[in-house]
Amino acid sequence: MRTIVYSARSYDRRFLEEAAAASDEPHELTFVDHNLDVHSAPAADEHDAVCAFVNDDVSAAVLEALADRGVRAVAMRCAGFNNVDLDAAARLGMTVARVPAYSPYAVAEHTVALMLALNRRIPRAAARVREGNFSLDGLLGFDLRSRRVGVVGTGRIGMIVARILRGFGCSLRAYDPYPSDDVRDLGVRYVDLDTLLGECDVVTLHCPLTPDTHHLLDADAFERMKPGAMLVNTSRGGLVDAPALIGALKSGQLGSVALDVYEEEGDLFFEDLSDTIIDDDVFARLLTFPNVLITAHQAFFTAEALRAIASTTIGNLTAVARGERSGTELTPPAGG
Ligand code: NAD
């Protein structure tokens, strides 16, 4: 099985090579550091499969270019698949598989880390202390205990976030079109989205990006939020309308924001751009707020998660090589 791995970083190589070595199916892996798009698709010549990540372009045009070169499978080494045209893949007879679950604890723990660091202004405080400035002005936080936290999407990650925050003594609300009894058993009360937005001091997003959830939080939604609330998004950038977010921060309607994802992150994240000019003015504006904390899509980035991602990805590729199903294959949505 010959697979070309796009957007490959040193850690992808390490964990995928380890998983391939542990497989009883022979795998030949080619690693390229550039993203998958129409320009880089020709590099997939003489490969059976491509392995792609969150910001690769897996649109119809790219899939057609890959199919023309004999590629018959796409192994997404992530959970989200909003960047894949599943209709085109089905039309071209290509298998698309993903990693539905891999240490949801990694993402949940990073979510809570952002919440705490933002609330207690840890990056600012640490930078100050390093400069010999021991003043506390501007570092005032709040007790999370008894605060109302709203979890939007109570699947694998949202449920763990709820479980961790229950330990902090938070009062938990949730919105999910498919409520879970396990989550209710944690003492979480399901409410509709408007009630959650209106009541909660902290809102954290854990639902997938779909046409229905695109810009779930837009200018109207920010208006409906409790004034001064904190927003945390470790799910997908497209859930939040970033220009509207800037408006809500400027007016003071939003108290603080932590992001691990950004709608236009494809041109920025996972690269060292420290020597270049960032020409995304919306992102650059977000960086100027003292009450905004941004990490570059690193919530998944733990050794446990990378090991699980690599193992499932190699399992998915093994299934393709053997003409079997791994159970993680994606099909177009009904009617899609
Ligand atoms: P999951 O499928 O287990 O849970 C998603 C939940 O969202 C489900 O319970 C579903 O019913 C709910 N949902 C669907 N539509 C909704 C809506 N309109 N409003 C509210 N809830 C809705 O997924 P998961 O494993 O918990 O992952 C959640 C998201 O986290 C993924 O979709 C992915 O985008 C993101 N993610 C981010 C990272 C990262 O590194 N930042 C890593 C992994 C996953």
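The values are calculated or read from the model by the stated rules, or taken from the named source; none is laboratory data. Just so it is clear, the model here is predicted, and its values are computed rather than measured. Quick reminder, even Gly has a Cβ in these numbers, built from the backbone with ideal geometry, and neighbours come from all protein chains shown. SASA here: full protein model, heavy atoms, side chains in, ligands and nucleic acids out. Shrake-Rupley method; radii C 1.70, N 1.55, O 1.52, S 1.80 Å.
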- Task: Would you check if Ala299 is within 11 Å of the ligand (Cβ to nearest atom) and crowded, with 18+ Cβ neighbours inside 10 Å?
- Result: yes
- Note on the structure: Ile157: passes all of (1) of a type in the set (A, V, I, L, M, F, W, C); (2) in contact with a strand residue (DSSP E or B) (Cβ under 9 Å, 6 or more places away or on another chain); (3) near the ligand (Cβ under 8 Å from one of its atoms) but (2)
- Say whether the condition of being away from the ligand (no atom under 16 Å from the Cβ), open to solvent by 50 Å² or more (accessible area, probe 1.4 Å) and hydrophobic (A, V, I, L, M, F, W, C) is met by at least one residue in the range 83-90. yes
- Can Thr195 be described as of a type in the set (S, T, N, Q), within 16 Å of the ligand (Cβ to nearest atom) and touching a helix residue (DSSP H, G or I) at 6+ places or on another chain (Cβ under 9 Å)? no
- Message: For the range 251-272, give me the residue count where each residue is at positive phi and within 16 Å of the ligand (Cβ to nearest atom).
- Response: 1
- Message: Among the residues that make up the range 22-43, is at least one of them open to solvent by 30 Å² or more (accessible area, probe 1.4 Å) and β-branched (Val, Ile, Thr)?
- Response: yes
- Query: open to solvent by 10 Å² or more (accessible area, probe 1.4 Å) and under 23 Å from the mean Cα position of the chain (by Cα), is that true of Leu186?
  - Reply: no
- Item | Test: residue in the range 123-146 that is in the same structural domain as Met225 (by TED's automatic domain parsing), within 28 Å of the chain's Cα centre (by Cα), assigned to a loop (DSSP other than H, G, I, E, B) and aromatic (Phe, Trp, Tyr) | yes
- Return yes or no: is Val232 within 21 Å of Asp143 (Cα to Cα), within 15 Å of the ligand (Cβ to nearest atom) and at pLDDT 95 or above? yes
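Which is surrounded by fewer than 22 Cβ atoms within 10 Å (Cβ to Cβ) and modelled with pLDDT of 95 or more, of Arg77, Arg69?
Answer to the check: Arg69.
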- helices (runs of 4 or more DSSP H) completely within the range 153-210 that count 1 or more residues being touching a residue at least 24 places away in the same chain (Cβ under 8 Å) and under 20 Å from Pro104 (Cα atoms): 156-167, 181-184
- Item | the range 243-279: number of residues that are closer than 19 Å to His215 by Cβ, among the small types (Gly, Ala, Ser) and either buried (at least 19 other Cβ atoms within 10 Å of the Cβ) or under 16 Å from the mean Cα position of the chain (by Cα) (or both) | 3
